[in-house]
Amino acid sequence: MTDYISAELAATCDALGYHDGATYRLDPDALDVIKDLIKYLKRDDDTHTIRRYLGQTKFLETDLIQIFFDD
């Protein structure tokens, strides 16, 4: 993955929100961030670069699952 794509994807993931220790706080533009992530996944190449990046950064566990299971 090029550094440009990696930096752009990292910034997109960081813009979703944050966990403050008790609850996950969504950014006001979180819906747009989710839409951007879907666009990234649709553009993913044959080696699944985007999916591997999201897996390596544990984005699913640290962000998406926290959103769904937060009280």
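None of the figures in this text is laboratory data; all of them are computed from the coordinates on show. For clarity, every value in this text was computed on a predicted model and none was experimentally measured. Ideal geometry is used to build each Cβ from the backbone, glycine not excepted, and the neighbour counts take in all protein chains shown.
The table for this structure:
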item: Listing of helices (runs of 4 or more DSSP H) fully contained in the chain that carry 2 or more residues being loosely packed, with under 12 Cβ neighbours inside 10 Å and among the aliphatic types (A, V, I, L, M); result: 3-14, 30-42
item: Selection count where residues are among the acidic types (D, E) and in contact (Cβ under 8 Å) with a residue 40 or more places away in the chain, scope the range 39-71; result: 3
